[in-house]
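Everything below concerns the one structure shown next.
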Amino acid sequence: MRQNTLPMQKGKNLGGDMNNPRRGNGLFVDESQQVPPGWIDYNGHMSLIYYPQAFEHAFSPIYEELALGREMIAATGISLFTAEQHLTFKREVFSGDPLRITTQLIDFGGKSCQWIQAMFHAREGYLSSTCEHLMLFVDIKQRRAAEMPEAASRTLDRVLAAHRHIPAPAETGRHIAMRSQGRR
């Protein structure tokens, strides 16, 4: 199994103040990543298998900052599991390209929350990829979906208030479908 070779600068662009301008108009922003040479495939661009890793690298500190990771498990026995994930690929990135990944809460309620991340080329500014997540709150002992803890609900309410005014990427809510009827 390949280890993440990217250096993590804990807390980079993830201050506790939701109005912190380093967040990028209220969004969570990670600018600590660059495409390593080992992530390039035979087409000469970043291999699709590393996009989820880059997105997760940007998301992991957010769990901890919002007390939705280890702290929530220790206090409540509840964790977040990804139930569904949808990637879109808009434009290639290449070895050495710096990445800027934004993370936005779209909605939450009951036992779930919906997030979308957008990966940009940090210097040139173009959108490379998006990753949408449907996450479930899960009771670790029972391994079943559970109501979100009250503290998590309060936290996500605060995040959603900061993100609600920001338009979600057009890719939000997309599904896979062929435009033509294909061969049936």
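Summary of computed values
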item	result
Test: residue in region 120-127 that is surrounded by fewer than 15 Cβ atoms within 10 Å (Cβ to Cβ), touching a strand residue (DSSP E or B) at 6+ places or on another chain (Cβ under 8 Å) and on the phi < 0 side of the Ramachandran plot	yes
Positions within region 139-158 being among the aliphatic types (A, V, I, L, M) and more than 21 Å from Ala83 (Cα to Cα), in sequence order	Ala151
Residue count, region 160-176 (criterion: farther than 20 Å from Phe120 by Cβ, in a helix (DSSP H, G or I) and out of contact with any strand residue (DSSP E or B) (no Cβ under 7 Å at 6 or more places or on another chain))	1
Which numbered condition Arg100 fails, given (1) part of a loop (DSSP other than H, G, I, E, B); (2) of a type in the set (Lys, Arg); (3) crowded, with 16+ Cβ neighbours inside 10 Å	(1)
One residue from Arg179, Arg154, Arg164 being among the basic types (Lys, Arg) and either in contact with a Pro (Cβ under 7 Å, 6 or more places away or on another chain) or at pLDDT 95 or above (or both)	Arg154
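Table: residues versus (1) within 17 Å of Glu132 (Cα to Cα); (2) at pLDDT 95 or above.
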{"position": "Tyr63", "(1), (2)": "yes, no"}
{"position": "Ala75", "(1), (2)": "no, yes"}
{"position": "Asp97", "(1), (2)": "no, yes"}
{"position": "Thr102", "(1), (2)": "yes, yes"}
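The values are calculated or read from the model by the stated rules, or taken from the named source; none is laboratory data. Being a predicted model, the structure only gives us computed values, none of them experimental. Note: ideal-geometry Cβ built from the backbone for every residue, glycine included; neighbour counts use all protein chains shown.
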